[in-house]
Amino acid sequence: VISPELSSRPVNTPHGSHAAIAEISAGLLAPRAATSPKYLYDGLGSKLFEAICELPEYYPTRTEAAIFERHGAGIAHAVGTGATLIDLGAGNCAKAASLFPLLRPGQYVPVDISRDFLNEAVLRLRQRFPEIEMTALGLDFSSSFELPSSVRAERRVFFYPGSSIGNFAPHEAIAFLRRLRANEQGDGGLLIGVDLIKDGAVLDAAYDDAIGVTAAFNLNMLRHLNHLIGSDFEVSQWQHRAFFNAEESRVEMHLEAREALVVTWPEGERHHERRVERHFARGERIHTEDSYKYTRRGFIDLLQEAGFAATHNWTDDAEWFAVFHARA
Ligand code: AVI
């Protein structure tokens, strides 16, 4: 199901790929420790994210779904039917699947870094929609990517819902959208969901829910890092922190050391016996995710900087979330 030439782990060690190990190690050793949010998504992380989407505090998923529900006909009219629908960060594929009756894609191409999770979802989806050709790709599209020849070239429409674009800094978002344009070949488009700036208390609650699902999602990254780089993080020594940073227009997620502690991991493949040590003071943080929020005008400007013309956008009554359709 998953195209083997597009593995997200080009050179495998007993843990992660060399590139991932080097990236994680450098991030942890930086004076302000940080990790890429992509490491939130191992198998359990993807399931926890699904649970987040069910939380009353996490409004983006249901608000976006309501926009698709209410404006589905207009969105389908703008996008057109029979397209090659490329679903970036497809996860359980549920959002795209709910649009199949309206968009009637000629080919569906779900892409996700969590390949086992994706595989399971696509197996189920094929039974529901046997008439749609499906090509699942298990790869990390956050850096560079090229679509294989099994993806039809005509009318490529990138579907990027859920405000995942918010997990890039604005300059990275522009670079990412430019790469999409390069893969799109002129006659396709982009259908993208974007979270809008709103009251800070609403944002704080959305990323620090009462029953602690988002805390578990964030803390699970430590287990994933232990698996990827062979580190010895103890989850109980850390706590979840999340808050809206209005100046930067983003929600930040951090993991904060509850006490002074040391984390170690193997220095490299050739020096298995030597371990890197990273000391954390009590209260010191690892910055694990940013989730940028935009105004509608601000996002139209960003699309334009990336070379897209924003043709339409749709929002909910409270203007908490917006869906944009853009063409090259
Ligand atoms: C996937 N992404 C858009 C989510 C967000 O809202 O930034 C990830 C998330 N992090 C915490 N809760 C949800």
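The values are calculated or read from the model by the stated rules, or taken from the named source; none is laboratory data. On a predicted model such as this, the values are computed, not experimentally measured, just so you know. Heads up, the Cβs are rebuilt from the backbone with ideal geometry, glycines too, and the neighbour counts pull from every protein chain shown.
A compact table of results
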{"read-out": "TYR39, sole failed condition from (1) more than 15 Å from the ligand (Cβ to nearest atom); (2) assigned to a helix (DSSP H, G or I); (3) buried (at least 21 other Cβ atoms within 10 Å of the Cβ)", "value": "(1)"}
{"read-out": "Test: residue in region 224-234 that is within 16 Å of the ligand (Cβ to nearest atom) and either surrounded by fewer than 19 Cβ atoms within 10 Å (Cβ to Cβ) or touching a residue at least 60 places away in the same chain (Cβ under 8 Å) (or both)", "value": "yes"}
{"read-out": "Scope region 282-302; condition within 27 Å of GLY45 (Cβ to Cβ) and surrounded by fewer than 18 Cβ atoms within 10 Å (Cβ to Cβ); matching residues", "value": "ARG282, GLY283, GLU284, HIS287"}
{"read-out": "First in region 240-263 and of a type in the set (Gly, Ala, Ser) and in a strand (DSSP E or B), second anywhere and at pLDDT 95 or above and surrounded by 18 or more Cβ atoms within 10 Å (Cβ to Cβ), Cβ under 6 Å, 6 or more apart", "value": "ALA242/TYR207; ALA242/ASP208; ALA242/MET253; ALA257/PHE280"}
{"read-out": "Scope region 245-287; condition out of contact with any Asp or Glu (no Cβ under 9 Å at 6 or more places or on another chain) and within 16 Å of the ligand (Cβ to nearest atom); matching residues", "value": "SER249, LEU255"}
{"read-out": "Among the candidates ALA206, ALA210, residue that is touching a residue at least 40 places away in the same chain (Cβ under 8 Å), surrounded by fewer than 21 Cβ atoms within 10 Å (Cβ to Cβ) and within 30 Å of ALA281 (Cα to Cα)", "value": "ALA210"}
{"read-out": "Check on LEU303, outside any strand (DSSP E or B), of a type in the set (A, V, I, L, M, F, W, C) and within 16 Å of the ligand (Cβ to nearest atom)", "value": "no"}
{"read-out": "Pairs with Cβ under 8 Å, 6+ apart, first in region 24-37 and within 19 Å of PHE168 (Cα to Cα), second away from the ligand (no atom under 16 Å from the Cβ) and acidic (Asp, Glu)", "value": "ALA33/GLU284; SER36/GLU23"}
{"read-out": "Checklist (1) within 13 Å of the ligand (Cβ to nearest atom); (2) in a helix (DSSP H, G or I) applied to ASP209, failing item", "value": "(2)"}
{"read-out": "Residue match in region 186-205 (condition: in contact with an Asp or Glu (Cβ under 8 Å, 6 or more places away or on another chain), modelled with pLDDT of 95 or more, farther than 30 Å from SER17 by Cα and part of a helix (DSSP H, G or I))", "value": "yes"}
{"read-out": "Any pair with Cβ under 6 angstrom, 6 or more apart, that starts in region 137-156 at a residue that is assigned to a loop (DSSP other than H, G, I, E, B) and ends at one that is of a type in the set (Lys, Arg)", "value": "GLY138/ARG115; SER142/LYS38"}
{"read-out": "Unmet requirement for ASN220, which otherwise passes all of (1) within 15 Å of LEU44 (Cβ to Cβ); (2) away from the ligand (no atom under 16 Å from the Cβ)", "value": "(2)"}
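Okay, residues lined up against (1) within 27 Å of ILE75 (Cα to Cα); (2) within 14 Å of the ligand (Cβ to nearest atom); (3) touching a Lys or Arg at 6+ places or on another chain (Cβ under 9 Å):
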site: LEU125; (1), (2), (3): yes, no, no
site: GLU133; (1), (2), (3): yes, no, yes
site: LEU137; (1), (2), (3): yes, no, yes
site: VAL151; (1), (2), (3): yes, no, no
site: ALA175; (1), (2), (3): yes, no, no
site: ASP187; (1), (2), (3): yes, no, yes
site: LYS198; (1), (2), (3): yes, yes, yes
